[in-house]
Amino acid sequence: MKLIKFYLYTAFILIVPAFSFSQEYKQIVTDNITVTDYKEREEKGTELTRDDINRTGAKNLWEAIRYTPGVTLTDGGARGDASFSIRGFESSKIPVIVDRISVTSPFNGFGDSSALLTDDLERVIIQKGYSSMLYGANGMGGAILLTTSKPKKAFEGYFQTTAEMDSNFDFASISPSFSLGSKTDKVYIKTTMQYKDIDHFRLSNKYSPVEGSIQEKGNRLFSDRSDLKSTTIIGTDYFEGLDIWATYVYVDSKRGVNSPKTTSLYDITEWGYWIRHSISLNAKYEKNNLLVEALAYYDKYDNLFNEYASLTHLEHKRPYSVSKYDEYIAGLSLKAEYNFLKNHYIRGAFSFRENDHMDYYDGYDNLYVKEDKISFALEYSTKLLDKLTISATGGFDSLISRDYKSRNDEFAQIIGVSEYQVTPKDRWLLAAQAGLFYEFIDSHELRLTYARRNQFPTMNDRYSTRFSESLPNPNLKPEVADHAELGYKGVLFNMLYVDTALYYSFVSDKMATIYVPDPFIPYKGVEFLTNIDAVSLYGYELALVLFPCDYAELGYNMSINKYFVHKSVTGFNELTYFPELTLNSYIKIMPCEYFSITPLIEYVSKRYTDLNGSEFLDPYFLFNIYATINISDNYKLDFAVKNITDENYSYRYGYPMAGRTYSISFRGEF
């Protein structure tokens with residue numbers, strides 16, 4: 001029924017404007033359709049420009065990528081992290097790289113994409129399967145590349161404030177941001193401040209409380225949160241061909257107590273604080289046929305996580321578990337490109353990254369891990385007959401243990417239980433990929449790509465005992481994925497942009513949890529993570545943008561996702577949170593240069609929440625509408641109504657999302 005509703009709404013927003021503008025149809029020439037083709041082949045992917053991000057009022061990465069084919073959102077788990085997957089690969093296997101720096105946690109490989117505010121970004125590129133090998137290790141499922149914007153004028157800036165109301169028109173959140181920048185002949189500088197403060201969000205009126213749950217109708221419990229991000233860039237491009245700049249980023253995410261599960265069984269968890277400091281120094285030299293980029297950076301992460309047995313324990317601040325992380329990442333990267341014999345390119349990259357993690361549990365030193373990741377990749381590409389581009393990349397990634405200390409390991413040595421004793425081992429991985437890109441007509445490209453990528457197990461995978469409920473496995477092997485894709489993108493009839501792909505991925509040595517005898521209590525089972533399963537992921541994606549006239553733009557995105565379990569020792573039949581079908585469609589109507597309105601609809605099919613396929617989330621259908629008033633060339637008012645039909649839906653079982661919301665935003669540029 002929800003899928004039928006999706007197509008009915010789609011027909012409405014497509015057919016009505018077609019009749020409205022048929023009298024004044026004017027063909028849009030190809031030059032009006034921006035199809036970006038980067039000089040560097042490794043940056044191919046789905047690009048989101050600043051205008052794309054602004055269209056839906058996205059304030060963070062999680063909101064920005066949600067309508068990309070192949071992307072599935074998850075949110076609202078016990079830790080309150082907003083996450084995503086791409087073609088079935090979870091975010092720990094999709095590095096988020098900001099200006100060539102991976103911003104994921106050294107310990108668990110995850111990052112909260114809702115804490116990655118986006119107002120300082122110039123563009124976002126989503127790569128799936130076949131992705132750049134020149135950014136270092138751990139890109140088994142792809143990569144997301146973020147580029148911070150630099151100033152382009154002698155004096156520039158913007159300011160923006162967005163206020164959001166819930167379905168009762170009560171104040172829900174506010175998101176102010178501003179930026180100032182300047183570029184002269186000698187130096188440039190830019191600073192951007194972003195802040196998002198959520199007072200609460202209100203559940204759908206269709207939500208029904210579960211017996212035994214502490215969540216009632218109305219406002220979501222503990223849904224307040226704030227995120228602050230400050231970005232400063234200072235540099236010089238005074239010398240011909242040379243650009244040198246330094247960047248400092250500060251992130252402070254105050255999540256407080258996370259919203260509990262809306263079931264009779266729930267956890268009370270709390271982020272005491274989550275802070276990141278990042279400083280980097282970059283240099284880029286480009287002259288004649290040579291391009292060289294160098295990077296040095298240091299990232300510091302601090303966070304505190306508490307768990308409570310009940311609301312009473314929370315009220316009296318008596319957590320049963322206190323986990324404090326003290327982490328840093330230090331790295332160096334060198335990348336070079338040389339163009340020789342006209343259409344021949346050779347590119348190489350070397351990167352070094354030191355990961356240092358210390359966690360404290362209940363006030364004691366619990367685990368300390370220091371390790372290095374070293375990567376090298378070499379790529380060659382050439383263009384034959386001005387139509388066919390061939391690209392091939394090979395390289396290696398290494399994981400080298402530097403230091404390891406664990407309270408569990410020391411205790412295991414004392415009592416002589418070898419199963420808990422950990423001896424870290426070094427790992428070396430080979431990776432390769434190749435692609436054919438055939439431009440058979442102007443603005444039309446066929447692509448055929450293959451990639452064999454690996455993924456190092458995280459520190460959490462190898463060393464965590466999960467509060468003595470699991471055996472560590474330091475000898476976990478990397479997961480391996482083989483990706484193949486056949487795709488096409490081009491402009492048809494000077495008005496329709498098409499990007500479509502068939503893909504297939506085979507994952508071997510997939511990690512799975514089995515149960516083995518507990519070394520302390522032999523008759524009791526204990527979890528053990530090991531490489532044991534194999535899965536195929538395959539599907540079809542389609543993205544369309546139609547420009548029928550000067551007054552309208554239509555977009556349609558579809559992703560059909562399938563999988564097949566080849567081997568499962570634990571006997572699982574399904575993958576969790578993996579919808580078979582996702583659809584979204586919009587039309588931007590511009591009756592005059594001062595006003596535009598954009599209805600947008602979204603459909604996501606059923607998702608299993610357990611590996612046996614016995615529990616699932618219902619399909620959901622969302623209808624949003626966005627409107628913009630251009631007060632002048634530099635000042636805009638934006639309005640939005642999200643979840644107009646007040647659907648009760650979830651990205652994760654037991655964590656319902658917001659009902660209908662209203663927002664207004666004012667933006668000025670100078």
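The values are calculated or read from the model by the stated rules, or taken from the named source; none is laboratory data. In this text, all values refer to a predicted model and were calculated from it rather than measured experimentally. With ideal geometry, Cβ positions are generated from the backbone for all residues, glycine too; neighbour counts draw on all protein chains shown.
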* Number of the condition not met by Arg255 [criteria: (1) buried (at least 19 other Cβ atoms within 10 Å of the Cβ); (2) at pLDDT 95 or above] -> (2)
* What number of residues within the range 382-413 satisfy the criterion of being in a strand (DSSP E or B), small (Gly, Ala, Ser) and either surrounded by fewer than 20 Cβ atoms within 10 Å (Cβ to Cβ) or modelled with pLDDT under 90 (or both)? -> 5
* Top-ranked residue of the range 630-643 - restricted to ones that are in contact with a Leu (Cβ under 8 Å, 6 or more places away or on another chain) and closer than 30 Å to Phe616 by Cα, ranked as surrounded by the fewest Cβ atoms within 10 Å (Cβ to Cβ) -> Lys642
* From the list Glu216, Glu211, Glu240, which residue is of a type in the set (D, E, K, R), in contact (Cβ under 8 Å) with a residue 12 or more places away in the chain, part of a loop (DSSP other than H, G, I, E, B) and closer than 30 Å to Glu270 by Cα? -> Glu211
* For the range 184-191, state whether one or more residues are in a strand (DSSP E or B), β-branched (Val, Ile, Thr), in contact with a Lys or Arg (Cβ under 6 Å, 6 or more places away or on another chain) and surrounded by 16 or more Cβ atoms within 10 Å (Cβ to Cβ). => no
* Asked: Would you say Met140 is crowded, with 17+ Cβ neighbours inside 10 Å and part of a loop (DSSP other than H, G, I, E, B)?
  -> yes
* **Selected residue (only one of Phe666, Phe621 is hydrophobic (A, V, I, L, M, F, W, C), in a strand (DSSP E or B) and surrounded by fewer than 19 Cβ atoms within 10 Å (Cβ to Cβ))** => Phe666
* Asked: Of the residues that sit in the range 308-324 and are part of a loop (DSSP other than H, G, I, E, B) and in contact (Cβ under 8 Å) with a residue 12 or more places away in the chain, which one is surrounded by the most Cβ atoms within 10 Å (Cβ to Cβ)?
  -> Pro319
* Asked: Which residues, taken from the range 325-367, are crowded, with 20+ Cβ neighbours inside 10 Å, more than 23 Å from the chain's Cα centre (by Cα) and among the aliphatic types (A, V, I, L, M)?
  -> Ala349, Leu367
* Asked: Among the residues of the range 551-569, is there at least one that is free of Cβ contacts under 8 Å to residues at least 60 places away in the same chain, surrounded by 17 or more Cβ atoms within 10 Å (Cβ to Cβ) and either of a type in the set (S, T, N, Q) or in contact with a Cys (Cβ under 9 Å, 6 or more places away or on another chain) (or both)?
  -> no
* Structure fact -> Filter the range 163-183 for residues that are among the aromatic types (Phe, Trp, Tyr) and surrounded by fewer than 16 Cβ atoms within 10 Å (Cβ to Cβ); the one that is farthest from Leu61 (Cα to Cα) is Phe169
* Asked: For the range 434-462, how many residues meet the condition of being within 22 Å of the chain's Cα centre (by Cα), assigned to a loop (DSSP other than H, G, I, E, B) and either of a type outside the set (S, T, N, Q) or over 30 Å from Asp362 (Cα atoms) (or both)?
  -> 2
* To do: Being polar (S, T, N, Q) and assigned to a loop (DSSP other than H, G, I, E, B) is the filter here, so list the residues in the range 99-117 that pass it.
  => Thr104, Ser105, Asn108, Ser113, Ser114
* Number of the exception - Asn494 against (1) at negative phi; (2) not in a helix (DSSP H, G or I) -> (1)
* Asked: Could you count how many residues in the range 47-76 are hydrophobic (A, V, I, L, M, F, W, C) and not in a helix (DSSP H, G or I)?
  -> 5
* Quick one: in the range 589-605, which of the residues that are part of a strand (DSSP E or B) and touching a Pro at 6+ places or on another chain (Cβ under 9 Å) is surrounded by the most Cβ atoms within 10 Å (Cβ to Cβ)? -> Val604
* Structure fact -> Scanning the range 557-588 for residues that are more than 21 Å from the chain's Cα centre (by Cα) and either among the aromatic types (Phe, Trp, Tyr) or not in a strand (DSSP E or B) (or both) gives Tyr563, Phe564, Ser568, Val569, Thr570, Gly571, Phe572, Asn573, Glu574, Tyr586
* Output the residues belonging to the range 200-223 that are charged (D, E, K, R) and crowded, with 18+ Cβ neighbours inside 10 Å. => Arg202, Arg220
* To do: Please identify the pairs in which a residue from the range 244-264 that is in contact (Cβ under 8 Å) with a residue 12 or more places away in the chain and β-branched (Val, Ile, Thr) has its Cβ atom under 7 Å from the Cβ atom of a residue that is part of a loop (DSSP other than H, G, I, E, B) and buried (at least 23 other Cβ atoms within 10 Å of the Cβ), counting only partners at least 6 apart or on another chain.
  => Val251/Ala115
* Would you please list the contacts, defined by Cβ atoms under 9 Å and residues six or more apart or on different chains, that run from a residue in the range 495-517 that is free of Cβ contacts under 8 Å to residues at least 12 places away in the same chain to a residue that is assigned to a strand (DSSP E or B)? => Pro517/Gly525; Pro517/Val526
* Got at least one residue in the range 516-533 being at pLDDT 90 or above, in a strand (DSSP E or B) and either in contact with a Pro (Cβ under 8 Å, 6 or more places away or on another chain) or of a type in the set (Gly, Ala, Ser) (or both)? -> no
* Qualifying residues in the range 463-486 (those that are outside any loop (DSSP other than H, G, I, E, B) and surrounded by fewer than 19 Cβ atoms within 10 Å (Cβ to Cβ)) - the one modelled with the lowest pLDDT -> Ser470
* **Which numbered condition Gly272 misses (of (1) in contact with a Pro (Cβ under 8 Å, 6 or more places away or on another chain); (2) at pLDDT below 90)** => (1)
* Any idea which of (1) among the β-branched types (Val, Ile, Thr); (2) crowded, with 23+ Cβ neighbours inside 10 Å; (3) under 13 Å from the mean Cα position of the chain (by Cα) is the one Ile101 doesn't satisfy? -> (3)
